[in-house]
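For reference, the structure discussed in these notes is given below.
What follows is calculated from the coordinates using simple rules that are stated; it is not laboratory data. Here the structure is a predicted model, which means the values were calculated and not measured. Note that we place each Cβ from the backbone using ideal geometry, even for glycine, and neighbour counts take in every protein chain shown.
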Amino acid sequence: YSMTREGFADVRRLTNEALSIDPGFNLAKALGAHIRSISVSQCWHEPDDTRVATRMAREVLPEARDDPTSLRFAAQVIAYSAKDYEMALATIERSLRLNPNSAQGHTSCGWVNAHSGRPLVAIEHFHRAMRLSPVDPEKGIALSGIGMSYLMLERYEEALAWGERALHEMPNYGSSHRVVIMALVKLNRLDEARAAAQRLMEAFPTYTLTLQRQINPWQDKVFGERYVEALGVAGVPE
């Protein structure tokens with residue numbers, strides 16, 4: 001929840017230790033997959049993280065059919081890193097059937113639906129998550145997801161408002177910076193967009209358009225292209 005490089009490194013180390021003791025510990029494997037997948041988005045990744053995250057998430061599925069937390073982590077990885085949207089949707093739906101009142105499950109469901117090109121459904125799940133847990137430590141992730149979903153709907157004023165709320169809640173979440181940048185570009189507020197891009201690069205100096213193209217998790221390829229284009233207009237380096 002700290003959204004820091006050091007915190008992510010601790011999670012990676014601890015899940016590795018847990019799996020060295022019990023290779024069948026599905027929750028540790030699912031969390032290990034999830035932290036690797038998010039690390040790529042945050043530019044805190046190791047070279048093989050996408051492949052390893054995908055493998056670990058797929059290994060979890062047959063063994064964790066009754067574990068909603070492991071399933072929700074795996075679903076996000078399968079959507080974001082593996083880009084297997086049908087499998088990700090089925091997995092997150094099972095997670096929520098097992099625990100329909102999990103705020104974090106609904107946050108995960110929101111992101112899986114956003115990546116799968118279903119922004120209206122995504123927004124419903126993000127709002128459900130915040131109703132269930134108004135001060136949840138993942139609230140910034142849900143707020144960012146609402147902003148991203150409004151970008152997909154080309155509702156840029158709303159995207160900007162939600163992105164700014166997300167940054168206030170969780171300043172170290174890279175997705176929220178990018179929501180704000182794209183919204184400002186699309187609103188033709190280019191000076192503000194360039195300033196926002198500068199803040200992104202100060203926080204994540206290794207982030208590039210090339211990396212974003214490699215990891216673009218969107219089933220909607222047209223949106224993915226618009227996303228990268230807007231970041232470039234704001235001054236994110238190639």
> Once you sort the root eigenvalues of the Cα gyration tensor of segment 30-123 as a ≥ b ≥ c, which label holds: rounded (a/c under 1.5), prolate (a/b larger than b/c) or oblate (the other case)?
Replying inline: oblate
>> Could you give each residue of segment 56-69 its phi-based ³J(HN,Hα) in whole Hz, using Karplus coefficients 6.51, -1.76, 1.60 with θ = phi - 60°, and x for Gly or Pro?
In response: 4, 5, 5, 5, 5, 3, x, 9, 10, 5, 10, 10, x, 5
>> Taking every alpha carbon pair in segment 68-152, what does the distance histogram look like in 10 angstrom bins from 0, in percent?
In response: 23, 56, 21, 0
>> What are the ³J(HN,Hα) couplings of segment 118-128, residue after residue, when phi is run through the Karplus curve with 6.51, -1.76, 1.60 and θ = phi - 60°? Round to Hz, x for glycine and proline.
In response: 10, x, 5, 5, 4, 4, 4, 5, 4, 5, 4
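Using only the Cα atoms, what convex hull volume per residue in Å³ does segment 1-85 have?
Working: hull volume 7.2 nm³, N = 85.
Normalising the Cα hull of segment 1-85 by residue number yields 85 Å³.
Counting other C-beta atoms within 10 Å, which of Asp66, Asp220 has the fewest, and how do the rest follow? Could the numbers behind the result be given before it?
Values: Asp66 9, Asp220 17.
Placing the least packed residue first, the sequence is Asp66, Asp220.
What length, rounded to one decimal in nm, is gained on full extension from Leu98 through to Glu202, with 0.36 nm per residue of separation minus their alpha-carbon distance?
Working: separation 104, 0.36 × 104 = 37.44 nm, distance 4.11 nm.
Result: 33.3 nm gained on full extension.
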> So, in Å, what gap is there between the alpha-carbon centers of segment 43-87 and segment 117-184?
Replying inline: 22 Å
> Once amide H atoms are built 1.01 Å from N in the peptide plane, which residues 5 or more positions from Arg155, or in another chain, come under 5 Å H to H?
Replying inline: none
> Once Rh for segment 133-238 is found with the Kirkwood sum over Cα pairs, what is the Stokes-Einstein diffusion coefficient at 20 °C and 1.002 mPa s, in µm²/s?
Replying inline: 159 µm²/s
>> What are the ³J(HN,Hα) couplings of segment 108-117, residue after residue, when phi is run through the Karplus curve with 6.51, -1.76, 1.60 and θ = phi - 60°? Round to Hz, x for glycine and proline.
In response: 4, 4, x, 5, 4, 5, 4, 5, 8, x
> Roughly what percent of Cα-Cα pairs across the chain reach past 32 Å?
Replying inline: 14 percent
